[in-house]
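The values are calculated or read from the model by the stated rules, or taken from the named source; none is laboratory data. Model, not experiment: these values are computed from the prediction. Reconstructed Cβ throughout: ideal geometry from the backbone, glycine too, with neighbour counts over all protein chains shown. Surface accessibility is based on the protein's heavy atoms, side chains included, excluding ligands, DNA and RNA. Shrake-Rupley method; radii C 1.70, N 1.55, O 1.52, S 1.80 Å.
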Amino acid sequence: MSAPEVSRDLKVGVDVGGTNTDAVVLDRSDRILAWTKQPTTVDVAGGMRAALADVLAKLGDDSARVGRVMLGTTHATNAILQRRGLGRVAVIRIGAPATTAVPPLTTWPADLAETVAAGSVIVEGGHFVDGWPIAPLDVDGVRRFLGSVAGRVDAVAVTGVFSPAVADQELTVADLAAAELGPDLPVSMSHEIGALGLVERENATVLNAALYGAAGDVTSALTAVLADRGLDAAAFFAQNDGTLMSLDYAARYPVLTIGSGPANSIRGAAFLAGVEEAIVADVGGTSTDFGVLVRGFPRESALAVDIGGITTNFRMPDILSLAVGGGTIVAGTEESPEVGPASVGYRIVSEGLVFGGRTPTLTDAAVLAGRGVVGRVAPAQRSARTRALLDAALGRSDALISAAVERMSLGKTDRPLVAVGGGAFLIPDVVAGAAKVLRPERADVANAVGAAIALASGRWETLTPAGDGRRAAVDEACDMAVRRAVQAGADPESVSVVEITETPLSYLLEPMIRINVKAAGPLAAW
């Protein structure tokens, strides 16, 4: 007689931060069964392995019930900031003779451009905003360029003028790249990555192509960790709008993982606090990220986003980062305290005063003020001069936090402030610009909770004339967004369109509308 099948009704959310790797286990009703915080390791896999081992040990025999693992990580962001693990990219712009004045990667930091670019070319082609061709695609020019970089590139990035409206030339170049360089070489196409705006969309597309290898490293690490633990669980990556995508989808669009950490924290804060409209402060060891909840999701930035010195235009949460965290080093004098930006980070457990170290930090200041109880050495035992400095530094930190909240609130003072993260006790009980301060239970692992509860989503953007074809264009954009949500892992029976934005474009010969659609839904049945 065969053993009864084990119910796979548990899910694990993992968030790899710069200081800690957090993990939580939730059941089908999103009740937290186990949680942990482990130090982040240089190789990513080490921290994930330790975090998973700890929460699974707490589950005991119930660990066999884990059916899904959701991961949020800063690995892609760190690869860009640290200029490591990036692939060599052949950059193709379809836009001559209209766009030759500004060559590809002109605005990039020189060291990053040198690391990433294996060669670039601008070939004839592209479209006007109304879809009319600028010039036929220079197929022979594309072939010559691909031949010149054969054997020394890891990926190809293709960007066409107004390709979000008409993508056929980008698709043709992708076919040419497969024929010339082999079908296994990845091709990043801009109409799948960014919005309108040639240079910013091109930048995002090249970054996406450069991150294929780094994404593969994380994917392999996660797969290996699950195999080591004997978990036959479906794995997903968190993306920058607070939703999930399958491993295959993440491997194709790794740039979408940038910003997933703050987005996870915002979503986790919404869930833990039971609110849909709020300001969120995620306090880590090095910095505090402020975001805004709008109908339960992160408010998106209306501005181009700078990543490692590169301006991009794919959608990111509206985040304000402040160099104030639990490990922020305090210096100066009582009359003129200096708060950061330097931080001891994960070394807080050995260098902070409350842990017996010699470096004054904001954690020491908060403990002295009675806001938290951590460590083993009371700051009150320090000299009067040190206590006065810590008190003045905490006042300076409070002022910086209040200024950040007022900036993010945009004048709306009726929203609560939800304090989450391992250093949430740094947030004072009263903050200007917020109606009240909420401190939900298990706020220290809100980012991992956000990963675990996330939906899968897809987005599509296009342009259409404002006339009779508008309704059909909106319907087609909705279908494409739903299709991409399903590709990301959403249940085809439950996915739905959650946002449609139509923006009229002025100063054109023919009135045009920019359509942006987002679809989201729960993960497919498990």
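For the stretch 200-234, enumerate the residues that are among the charged types (D, E, K, R), under 20 Å from the mean Cα position of the chain (by Cα) and open to solvent by 10 Å² or more (accessible area, probe 1.4 Å). Outline the logic, then answer.
Initial filter on the stretch 200-234 (among the charged types (D, E, K, R)): 200-202, 217, 228-229, 232.
Right, trim to under 20 Å from the mean Cα position of the chain (by Cα) and you get 200-202, 217.
Across the stretch 200-234, the qualifying residues are GLU200, ASP217.
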* Asked: What are the pairs, 6+ residues apart or on separate chains, where a residue within the stretch 17-28 that is of a type in the set (D, E, K, R) has its Cβ under 7 Å from a residue that is open to solvent by 20 Å² or more (accessible area, probe 1.4 Å)?
  -> ASP22/LYS37; ASP22/ASN447; ASP27/ASP9; ASP27/LEU33; ARG28/ASP9
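Results for (1) assigned to a loop (DSSP other than H, G, I, E, B); (2) basic (Lys, Arg); (3) within 28 Å of ALA273 (Cβ to Cβ), shown as yes or no for each residue.
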| position | (1), (2), (3) |
| --- | --- |
| LYS11 | no, yes, yes |
| VAL42 | yes, no, no |
| ALA57 | no, no, no |
| ALA79 | no, no, no |
| ALA90 | no, no, no |
| ILE94 | no, no, no |
| THR100 | yes, no, no |
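Please tell me if VAL498 is within 20 Å of ARG252 (Cβ to Cβ) and either of a type in the set (A, V, I, L, M) or exposed (fewer than 15 other Cβ atoms within 10 Å of the Cβ) (or both).
no
Name the one entry in VAL305, VAL280, VAL349, VAL292 that is among the β-branched types (Val, Ile, Thr), at pLDDT below 80 and either within 19 Å of ASP22 (Cβ to Cβ) or in contact with a strand residue (DSSP E or B) (Cβ under 9 Å, 6 or more places away or on another chain) (or both). Talk me through it step by step, then tell me what you get.
On the way: VAL280 fails: at pLDDT below 80; VAL349 fails: at pLDDT below 80; VAL292 fails: at pLDDT below 80.
Matching residue, one of VAL305, VAL280, VAL349, VAL292: VAL305.
When you look at VAL367, is it assigned to a helix (DSSP H, G or I), open to solvent by 20 Å² or more (accessible area, probe 1.4 Å) and touching a residue at least 12 places away in the same chain (Cβ under 8 Å), yes or no?
Numbers: assigned to a helix (DSSP H, G or I): yes; open to solvent by 20 Å² or more (accessible area, probe 1.4 Å): yes; touching a residue at least 12 places away in the same chain (Cβ under 8 Å): yes.
For VAL367, the condition - assigned to a helix (DSSP H, G or I), open to solvent by 20 Å² or more (accessible area, probe 1.4 Å) and touching a residue at least 12 places away in the same chain (Cβ under 8 Å) - is met.
Within the stretch 91-123, which residues are hydroxyl-bearing (Ser, Thr, Tyr) and touching a Leu at 6+ places or on another chain (Cβ under 6 Å)?
Let us first name the residues in the stretch 91-123 that are hydroxyl-bearing (Ser, Thr, Tyr), namely 99-100, 106-107, 115, 120.
Of everything in the stretch 91-123, just one residue is hydroxyl-bearing (Ser, Thr, Tyr) and touching a Leu at 6+ places or on another chain (Cβ under 6 Å), namely THR115.
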* Can we say VAL173 is over 21 Å from THR74 (Cβ atoms) and open to solvent by less than 10 Å² (accessible area, probe 1.4 Å)? -> yes
* Evaluate the stretch 82-98: report whether one residue or more is closer than 21 Å to ALA227 by Cβ and either over 28 Å from the mean Cα position of the chain (by Cα) or open to solvent by 60 Å² or more (accessible area, probe 1.4 Å) (or both). => no
* **Matching residues in the stretch 330-349 - criterion: being open to solvent by less than 70 Å² (accessible area, probe 1.4 Å) and within 30 Å of the chain's Cα centre (by Cα)** => VAL330, VAL339, GLY340, ALA342, SER343, VAL344, GLY345, ILE348
* Asked: Across the stretch 235-244, what is the number of residues that are surrounded by 23 or more Cβ atoms within 10 Å (Cβ to Cβ), of a type outside the set (Val, Ile, Thr) and more than 19 Å from SER190 (Cα to Cα)?
  -> 5
* **Among the candidates ALA273, ALA263, residue that is open to solvent by 20 Å² or more (accessible area, probe 1.4 Å), modelled with pLDDT under 95 and among the hydrophobic types (A, V, I, L, M, F, W, C)** => ALA273
* Any idea which of (1) at pLDDT below 85; (2) under 18 Å from ARG459 (Cα atoms); (3) among the hydrophobic types (A, V, I, L, M, F, W, C); (4) open to solvent by less than 40 Å² (accessible area, probe 1.4 Å) is the one ILE310 doesn't satisfy? -> (2)
* To do: Report yes if some residue within the stretch 64-74 is touching a residue at least 40 places away in the same chain (Cβ under 8 Å), within 24 Å of VAL206 (Cα to Cα) and surrounded by fewer than 23 Cβ atoms within 10 Å (Cβ to Cβ); otherwise report no.
  => yes
* To do: Kindly indicate the residue of the stretch 110-154 that is without any contact (Cβ under 8 Å) to a residue 24 or more places away in the chain and over 24 Å from ASP168 (Cβ atoms) and also least open to solvent (accessible area, probe 1.4 Å) among those meeting that condition.
  => ALA113
* Structure fact -> The condition from (1) aliphatic (A, V, I, L, M); (2) under 30 Å from GLY274 (Cβ atoms); (3) touching a residue at least 60 places away in the same chain (Cβ under 8 Å); (4) assigned to a helix (DSSP H, G or I) that ALA419 misses is numbered (4)
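Return the residues of the stretch 25-36 that are in contact with an Asp or Glu (Cβ under 9 Å, 6 or more places away or on another chain) and either buried (at least 20 other Cβ atoms within 10 Å of the Cβ) or at positive phi (or both); say none if nothing qualifies.
Kept after step one, since they are in contact with an Asp or Glu (Cβ under 9 Å, 6 or more places away or on another chain), are these residues of the stretch 25-36: 25, 27-28, 32-36.
Listed by number, the residues that qualify are VAL25, TRP35, THR36.
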* Structure fact -> Of (1) under 21 Å from THR115 (Cα atoms); (2) under 21 Å from the mean Cα position of the chain (by Cα); (3) not β-branched (Val, Ile, Thr), PRO186 fails just (2)
